[in-house]
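K.L.:
Pasting in a structure now, in structure tokens, and then I'll have a few things to ask.
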Amino acid sequence: MDGKHVRIDPPMRSGSMYYNYKDFFSIVLLAIVDAQLRFIYVDIGTNGRASDRGIWNNCAFKQCMDSQKIPFPGPSRLPGTEEESPFVIVGDEGFTLSENLLIPYPKDAVANRRDRRIFNCRLSRARRCSENAFGVMGARFQIFMHRTQAVGRAMYTPPNILDIEDEVSGTIQLGEYRQEPAHDLVRLANQGRNRHANAAIELRERVCEYLNTVGRVP
């Protein structure tokens, strides 16, 4: 899951409602993306002053998830263990950690913790799906290169357009979409600290331990 500011000409008499932290007017596109870069849920149109956490907390998907109206798969065993773990959405540090939403450890919590740095690295690899999806969208639909007025399964993926990781060296080759002129899709800001539930904190610790033991990679 990720969110972007889409630059707009503000509606008449809207004041500073759509004015964001980057000093321009925008609406927010919040999206959940699958591993094939398909947008499987979008929330569009929240004013640019809102934080990603606030948008997520008020969107229909989260409300349905909290009321158990969305048929999430049940917990499943982690490969190589007898322990079951819930399926989760992966987001960045701007969201609130929960038992259905996994986010990185904050920077001040990883200073002397190699295991947590590894966890954050693995989480970042998963989040690359949303980065690539937004990058492809901006490169494919040139309207995102300009301000706009407020208002299928086929994929556009020419060769080399996506960020890819070398499986041997671990280095990242940046996708060609990043060479496009800067389009008007800007990352959301992490606005302040979040309070996380104990059960969610325990889940992150268990996943961190797994990624550093049975689930580790070269």
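The values are calculated or read from the model by the stated rules, or taken from the named source; none is laboratory data. Just so you know, these numbers come straight off a predicted model, no measurement behind them. Here the Cβ is made from the backbone with ideal geometry for all residues, glycine too, and neighbour counts use every protein chain on show. The protein model used for the area step is the full one, side chains on, heavy atoms only, and it has no ligands, DNA or RNA in it. Shrake-Rupley method; radii C 1.70, N 1.55, O 1.52, S 1.80 Å.
K.L.:
Pick out, in residue order, every one of the GluC sites (Glu not before Pro) in region 2-86 that is DSSP loop and has at most 10 other C-beta atoms within 10 Å; say none if there are none.
P.N.:
In loop regions of region 2-86 (DSSP not H, G, I, E or B), the sparsely surrounded GluC sites (Glu not before Pro) are E82.
K.L.:
Turning to a different aspect of this structure: Counting only residues 5 or more places away or on other chains, whose amide H sits under 5 Å from the amide H of T46 once H atoms are built in the peptide plane?
P.N.:
V28
K.L.:
Separate question: Between A35 and Q173, what is the FRET efficiency for a Förster distance of 22 Å, r being their Cβ-Cβ separation, to the nearest 0.05? Numbers along the way, then the final one.
P.N.:
On the way: r = 19 Å, r/R0 = 0.85.
My answer for the efficiency is 0.75.
K.L.:
What would the Debye formula give as log10 I(q)/I(0) at q = 0.12, 0.13, 0.20 Å⁻¹ for the alpha-carbon point model of region 37-112, no solvent?
P.N.:
Cα-only, vacuum Debye calculation for region 37-112: -0.46, -0.53, -1.07.
K.L.:
Students often forget the sequence filter, so: which lysines lie under 25 Å Cα-Cα from K107 once same-chain residues fewer than 8 apart are removed?
P.N.:
Partners within reach: K4, K22.
K.L.:
Next question. At 1.4 Å probe size, put K107, K4 in order of accessible surface, largest to smallest. Don't skip to the answer; put the middle values down first.
P.N.:
Numbers: K107 185, K4 15 Å².
Ranked list, largest accessible area first: K107, K4.
K.L.:
Give the accessible surface of region 1-40 per residue, rounded to a whole number of Å², with probe radius 1.4 Å and ligands, DNA and RNA excluded.
P.N.:
On the way: 1990 Å² over 40 residues.
Ligands and nucleic acids excluded, the result is 50 Å² per residue.
K.L.:
Compute, for region 1-59, the length of the dipole vector about the Cα centre, with Cβ point charges of +1 (Lys, Arg) and -1 (Asp, Glu) only. Units Debye, rounded to 20. Kindly include the intermediate steps, with their values, before the conclusion.
P.N.:
Details: 7 positive and 6 negative charges, 29 e Å.
For this selection, approximately 140 debye.
K.L.:
Between F24 and E209, with labels modelled 7 Å along Cα→Cβ, what's the label distance in nm to one decimal, could you check?
P.N.:
4.7 nm
K.L.:
Also: Just to verify a number: FRET efficiency for N100 and C121, C-beta to C-beta distance, R0 = 25 Å, to 0.05?
P.N.:
Values: r = 22 Å, r/R0 = 0.88.
That gives a FRET efficiency of 0.70.
K.L.:
Might you report the magnitude of the Cβ-based charge dipole of region 46-99 about its Cα centre, with Lys and Arg at +1 and Asp and Glu at -1, to the nearest 20 debye? Present the calculation step by step, with values, prior to reporting the outcome.
P.N.:
Details: 5 positive and 8 negative charges, 73 e Å.
Computed charge dipole of region 46-99: roughly 360 debye.
K.L.:
Ordered by packing density, taken as the mean number of other Cβ atoms within 10 Å over each peptide's residues, highest first, how do 86-93, 12-19, 71-78 rank? Please report the intermediate quantities before stating the final value.
P.N.:
Values: 86-93: 17.9, 12-19: 12.0, 71-78: 10.0.
The most tightly packed comes first, giving 86-93, 12-19, 71-78.
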